[in-house]
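A.B. asks: Got a structure here, written out as structure tokens. Questions coming.
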């Protein structure tokens with residue numbers, strides 16, 4: 001009987017471990033309307049995440065697949081081509097504009113990568129400042145600056161919000177790689193582990 005209980009508990013533990021592995025997602029802004037200067041902020045939601053921005057009139061939405069008639073800069077035939085953006089992406093020229101990303105349910109998540117670049121070419125470097133915060137809104141660590149073009153990988157784990165702020169120019173970003181974290185998973189796994197230990201001890205005593 002103890003063997004059966006042990007097997008069932010072990011199976012449940014393994015199943016929970018796989019179930020608790022959160023699914024990674026990429027926020028690509030494809031749900032933003034096809035209007036290159038659309039101001040559908042200060043809030044945008046996608047895949048359970050919400051992105052706010054503090055400067056509503058300082059944000060542009062561009063497409064990588066269609067020509068852009070950008071006031072004062074003529075027509076841009078292939079915006080952000082080459083630095084990894086797909087579909088639509090966000091750009092701001094205002095260094096006071098701060099984007100804030102968090103889960104709609106307020107739970108923790110991992111932030112592991114994003115594409116950055118100039119809004120209309122693949123050769124000009126962009127620069128973004130990244131700050132991450134805990135569940136009390138306290139900044140964790142110092143601000144990290146990422147300068148260049150293309151995909152940038154990093155390892156911000158178990159955070160509750162992240163701020164992105166342009167360091168100047170027509171800096172753009174896209175494809176935010178995020179992973180939701182199951183807050184209850186560690187505690188549940190711990191209880192199941194203790195249960196397995198208890199069952200194992202009880203089984204030995206029974207013998």
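A.B. asks: Just the residues that are surrounded by fewer than 17 Cβ atoms within 10 Å (Cβ to Cβ) and in contact (Cβ under 8 Å) with a residue 60 or more places away in the chain, please, taken from region 143-163.
C.D. replies: 150, 151
A.B. asks: Can you confirm whether residue 158 is over 30 Å from residue 66 (Cβ atoms) and assigned to a strand (DSSP E or B)?
C.D. replies: Considered against the rule, which asks whether it is over 30 Å from residue 66 (Cβ atoms) and assigned to a strand (DSSP E or B), residue 158 comes out as yes.
A.B. asks: Looking only at residues in region 73-125 that are in a loop (DSSP other than H, G, I, E, B) and at positive phi, which one is surrounded by the most Cβ atoms within 10 Å (Cβ to Cβ)?
C.D. replies: Residue satisfying both the conditions and the ranking: 80.
Quick grid of which residues meet (1) at pLDDT below 95; (2) under 24 Å from residue 99 (Cβ atoms):
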| site | (1), (2) |
| --- | --- |
| 136 | no, yes |
| 165 | no, yes |
| 170 | yes, yes |
| 186 | yes, no |
| 193 | yes, no |
| 199 | yes, no |
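A.B. asks: Look at residue 57 and say whether it is at pLDDT below 80 and not in a loop (DSSP other than H, G, I, E, B). Explain how you work it out, then say what you get.
C.D. replies: Details: at pLDDT below 80: yes; not in a loop (DSSP other than H, G, I, E, B): yes.
Taking the combined requirement at face value, the residue satisfies it.
The values are calculated or read from the model by the stated rules, or taken from the named source; none is laboratory data. Remember, it's a predicted structure, so these values are computed and weren't measured experimentally. Cβ atoms come from the backbone with ideal geometry, glycine included; neighbour counts cover every protein chain shown.
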